[in-house]
1. Where the Cα atoms of the chain are projected onto their three principal axes, how long is each span, largest first, in whole Å?
2. Please give the net charge around Leu187, taking every other residue with its beta carbon less than 10 angstrom from that of Leu187, where Lys and Arg add +1 and Asp and Glu add -1.
3. Mind listing the phi-derived Karplus ³J(HN,Hα) values for segment 168-185, rounded to whole Hz, using 6.51, -1.76 and 1.60 with θ = phi - 60°, and x for any glycine or proline?
4. Pick out which of Asp202, Asp116, Asp182 has the largest mean-square fluctuation in a Gaussian network model of the chain, springs linking Cα atoms closer than 10 Å.
5. Considering Cα pairs under 8 angstrom that are at least six residues apart, work out the relative contact order of segment 21-108 and quote it in whole percent.
6. List every residue whose amide H lies under 5 Å from the amide H of Met154, counting only residues 5 or more places away in sequence or on a different chain, with H placed 1.01 Å from N in the peptide plane.
7. Identify all aspartates and glutamates with a Cα-Cα distance to Lys199 below 13 Å; exclude those on the same chain that are fewer than 8 residues away in sequence.
8. Helix 18-45 sits at what angle to the longest principal axis of the chain, using alpha carbons and giving 0 to 90 degrees rounded to 10?
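What follows is calculated from the coordinates using simple rules that are stated; it is not laboratory data. Not measured: the values here are computed from a predicted model. Every residue, glycine as well, gets a Cβ built from its backbone with ideal geometry; the counts of neighbours run over all protein chains shown.
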Amino acid sequence: MSDASQLPVAVERMNADRGNIRRFMMRYEFALKTIQTRIEILQQEFESVHEYNPIEHITHRLKSPESIQRKAHTRGCAMTFEAIEANVRDIAGLRITCSFLADIYRVASMLVQQSDIEVEQFKDYIEEPKPSGYRILHLILLVPVYLSNCVVRMPVEVQLRTIAMDFWASLEHKIYYKYRHDVPQRLRDGLQDAARDIKLLDQKMEAIHREMRDLKIADEMSGLHSD
């Protein structure tokens, strides 16, 4: 029997094991809640101590069992919980949108420096964009989940991008979904042009942000000297 003919049987067998599916998914849910709580703490600290919040908004998602199985199949992965956990690393995902480029690296640094979080993957598509123009800071973090009888480290995909990058990525997704990845060249070229414009916009906004910060520091220093 071929692998293709065995697939429906393997999927059906997995789906019938509802208890294990629930336990499998719960660990990713807990990992997602854990990293969300860490980020919310950072947000509150910044707002109260630094009077500045580098995070505009956060979204999260947990793949459905059906979506997980489809991705596992495209990767040639066996339909077992162990094989899927080893090969599909983006079951739990978190997207952090920041105002400025520097904030992306600042938030990422604060996360990866936490002693109980391990970095499994770090890809900087901001410095080296994908050919399409796609720019993002992409991490896979191993987050500790404390269960009743053990501690497990679960992968959470974390994406960090600016508001402008988020807008571009949303448009790209809509175009590729509409054309089912067979996108006309003129639209591909238009996306690349827009990506270059967004890069320049982010750089200009970052420069303005730095100048505002420097002026604030200068004003504070001037006030101290006048006292």
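1. 83, 54, 21
2. Taking every other residue near Leu187 into account, the sum is +1.
3. 4, 5, 5, 5, 4, 4, 5, 5, 5, 5, 5, 9, 6, 6, 9, 7, x, 4
4. In the Gaussian network model the winner is Asp182.
5. Computed value for segment 21-108: 36 percent relative contact order.
6. Residues meeting the amide H criterion: Val143, Val145.
7. Within the straight-line limit of under 13 Å, Lys199 reaches these aspartates and glutamates: Glu127, Glu128, Asp166.
8. On a 0 to 90 degree scale, this one is about 0.
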